[in-house]
Amino acid sequence: MNDIMSRYTKLFSGVDHAKAYARYRPTYPAEVYEQILQFLTGKDDRVKYDLAVDVGCGSGQSTKPLARYFTQVIGLDPSQGQIQQGNEKKENANVTLQVGSGEQLPCHSNSVDLLTCAQSFHWLDEKKFFAEADRVLKPGTGCLALYGYGNSIITNNHEVTKICHDFYQGTLKGYWSDRRWYIDNLYRHITLPYTDQMRIDTITIEGSMSLDSYIGYLSSWSAYRAYLQKNSDDPLLDVKARMLEALQRASGNDTIEYTFPIFILLGRKPGENEN
């Protein structure tokens, strides 16, 4: 396990963190999976596919929606806490969540139709992961999908936006992974190892939530968990108080309206006779 993944396991394994992650992290709209499947069907138009593998699956938020399209879906995550949280509610008989690594996939060579990695590629050893992806994907049809969402954009209160930015860039500076900039950059610097590839930046996650739920989302950040491990104070208490004051002053309620930009990178493994 690489050093970055070891840090991931340490930060995301706690039961409280796993519960916060499952409860407060945003969920992807159906259009994300539709776009991925549309790319997959470009060379292999079937009603249902054999096997999808979701790397860094957390508690299964991005794994379970694949169940309708595949005979078998496997979600892998190095955190036992995340897997345990995801398995508390068995929603699909053809979905298996298990402890595992994207750098050593428990799959036969040339057996996987779709390999996904949602909001977790920046925790992996890129070279090893791409090598494993190339090993397990089916030649000519197997697809790789890296996707995720950028930082939330609060659309109904500029002061709350500034408070969140100060928390992200100020209080938590030095507690983020060295690769957090991958998310800030929306993976724009990543080039998939296949000629047949495309990028999608036209989808967003939009909605509203209570301030309590938004603070819950902030509490799921890995940098916040790293901060708590090294400090005795809880900075979210002050963040919440300041946000509440700003919201009530502007609108009289505690509703946060938000947008998350989504990015999707798609690539297809070439066939045995393709270059």
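The values are calculated or read from the model by the stated rules, or taken from the named source; none is laboratory data. As the structure is a computational prediction, the values presented were derived from the model and not from experiment. As a convention, Cβ positions derive from the backbone with ideal geometry for all residues, glycine included, and neighbour counts pool all protein chains shown.
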It is to be established whether one or more residues within region 217-230 are under 16 Å from the mean Cα position of the chain (by Cα) and not in a helix (DSSP H, G or I). yes
Enumeration of residues in region 52-76 that are surrounded by fewer than 21 Cβ atoms within 10 Å (Cβ to Cβ) and either assigned to a loop (DSSP other than H, G, I, E, B) or aliphatic (A, V, I, L, M) (or both): Gln61, Ala67, Arg68, Tyr69
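Tally the residues that are of a type in the set (Phe, Trp, Tyr) and more than 18 Å from the chain's Cα centre (by Cα), restricting the search to region 135-167. Outline the logic, then answer.
As a first pass, look at region 135-167 and keep what is of a type in the set (Phe, Trp, Tyr): 147, 149, 167.
Retained after the next criterion (residues that are more than 18 Å from the chain's Cα centre (by Cα)): 167.
Qualifying residue count, region 135-167: 1.
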Is it the case, given these coordinates, that Asp201 is within 17 Å of the chain's Cα centre (by Cα), of a type in the set (Asp, Glu), surrounded by fewer than 17 Cβ atoms within 10 Å (Cβ to Cβ) and over 28 Å from Glu245 (Cβ atoms)? yes
Considering every residue within region 179-191, establish whether at least one is in contact (Cβ under 8 Å) with a residue 40 or more places away in the chain and farther than 30 Å from Thr141 by Cβ. yes
Test: Ile205 is of a type in the set (A, V, I, L, M), within 23 Å of His158 (Cβ to Cβ) and not in a helix (DSSP H, G or I): yes
Log entry, pairs with first residue in region 146-171 being within 17 Å of Leu237 (Cβ to Cβ), second being part of a strand (DSSP E or B), beta carbons closer than 8 Å, six or more apart or on different chains, reads Val160/Ile154; Val160/Ile256; Cys164/Ile154
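Looking at Ile190, is it at pLDDT 95 or above, outside any strand (DSSP E or B), under 30 Å from Asp113 (Cα atoms) and out of contact with any His (no Cβ under 8 Å at 6 or more places or on another chain)? If you could, list the steps in order and put the result at the bottom.
On the way: at pLDDT 95 or above: yes; outside any strand (DSSP E or B): yes; under 30 Å from Asp113 (Cα atoms): yes; out of contact with any His (no Cβ under 8 Å at 6 or more places or on another chain): yes.
When the stated conditions are applied, Ile190 passes them.
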